[in-house]
Each structure stands twice: as C-alpha cells, then as structure tokens.
Amino acid sequence: LLGAGDSAKFLVNADTLFSKMQQPMPPMIAKGSEISFTVKVISVLTSEEFQKEQSQSADKQKTTDAKVISDFLAKNNLTGKGTKTESGLVYISEKAGSGPSPSAGDNVKVNYVGKFLDGKEFDSSKGTPLDLQVGAGMVIPGWEEGIMLMKKGEKGLLIIPSGLAYGPETYGPIPGNSVLQFELELVDFSKGPAPAAPHPAR
C-alpha cells in the first residue's frame, strides 16, 4: 500500500509474529504484547531493476575485495603462493595431506580459527573438530570450495572474499563486506551416501 517516500508504522502481535517465523519468543518480549515497526520506503524497483542493482553492487564489491586480498598477500609476503580460484578465493597449503580430496556430499571433520585480516580472532573450533557435510550449504561458500581443495590431514589458510563469506550484511561480530581468513585443518572425511539410482522407465 506504500509508495516511494511514504512512511508508516505497523503494529504486530508478538505471538503471531514469532509463530509465523517459527522461532521461539525472545525472553525480553512479553507474551501477548504488540511490536511496532516504523518503515520508510526509500525506493521501489521492479524485479529486473533490483537484480541489476544487486549484480552491479556485487561486481563492485568483488573488485574491492580482490584489491584488499592482493594488499594482504603483499604485506604478509604471500604473493604468488597458494591457489587463487576463479571465484576470488585464495588457498595456501601449509601442511600437506594425503589421499583424495572431499567432494560434495562427503562428511568432513575440520578444526578452524577464524580471523579478520588484522589478525583479530572472532571464532574457532577450540580443538574440537566441527562435523559437517560439505556441499550441502551448511557453511559459507568459501569454506565449501576451500575444503574440497584439501586432503586428509592437510592444514592451510583460506582467504575468503566477502561474497563467499557473509556478504554485505553484519553477522554477529563480523561487519558487512568483510574479507576473512580461516586457518583450516581437514582432520578426516568419509564419503557421503551414493546418489539414488534413477527409476527405470515405465
């Protein structure tokens, strides 16, 4: 009902809102209370205009991230080391592993330490390997791609552009458009279930 430049306040029943979101009610919100949202419409775009704007913004950020990563590599004497993929991910192996690499659907165990490029740590597995299925969207795309470059027992450094990490949105302690580094160790992996056989023609 709103157009560009319009403002409005919406009142929503908290019980209904969180029920529809399929999330538990936060402890600071009383059951049966109303939540107000104040909204201002900045612009209205068609689907095509929105997609074009998003694409242009992503392309611009990808260029910015590439410069940030290049500067980081130069500053840390890492230029020319490791592998840079077409997506912009940089992977530097620090301890060789053995055997094949995981592929999509495999179950992996990884130790990790996540840091900003200034070296400040924001997360780690704290010595207890994280279990996950690679290629299933359980982790950020940079992890998915990076893990499938590693072998069992391998340790390495992933430098992940923001588009393969958390994108333009703030995520916990991570500001939007952040390039991140992860120290990863592929502790072990096992093959996932084989894809189901196609049904015979009837």
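The values are calculated or read from the model by the stated rules, or taken from the named source; none is laboratory data. Remember, it's a predicted structure, so these values are computed and weren't measured experimentally. No Cβ is skipped: glycine too gets one built from the backbone with ideal geometry, and neighbour counts run over all protein chains shown. Remember, those area values only see protein heavy atoms, side chains included, never the ligands or the DNA or RNA. Shrake-Rupley method; radii C 1.70, N 1.55, O 1.52, S 1.80 Å.
Tabulated results
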| item | result |
| --- | --- |
| Of all residues in the stretch 105-153 being aromatic (Phe, Trp, Tyr) and crowded, with 17+ Cβ neighbours inside 10 Å, the one that is nearest to the chain's Cα centre (by Cα) | Trp143 |
| Long-range neighbours under 9 Å by Cβ, at least six apart or interchain, first residue open to solvent by less than 40 Å² (accessible area, probe 1.4 Å) within the stretch 83-99, second among the aromatic types (Phe, Trp, Tyr) and assigned to a strand (DSSP E or B) | Thr85/Tyr91 |
| Among (1) open to solvent by less than 60 Å² (accessible area, probe 1.4 Å); (2) polar (S, T, N, Q); (3) part of a helix (DSSP H, G or I), the one test that Thr63 misses | (1) |
| Failed item, numbered, when Ala74 is tested on (1) open to solvent by less than 80 Å² (accessible area, probe 1.4 Å); (2) touching a residue at least 24 places away in the same chain (Cβ under 8 Å); (3) under 30 Å from Leu186 (Cα atoms) | (2) |
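Residue-wise test of (1) in contact (Cβ under 8 Å) with a residue 60 or more places away in the chain; (2) surrounded by 11 or more Cβ atoms within 10 Å (Cβ to Cβ); (3) touching a Gly at 6+ places or on another chain (Cβ under 6 Å).
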position	(1), (2), (3)
Thr38	no, no, no
Val41	no, yes, no
Lys52	no, yes, no
Gln56	no, no, no
Ile69	yes, yes, no
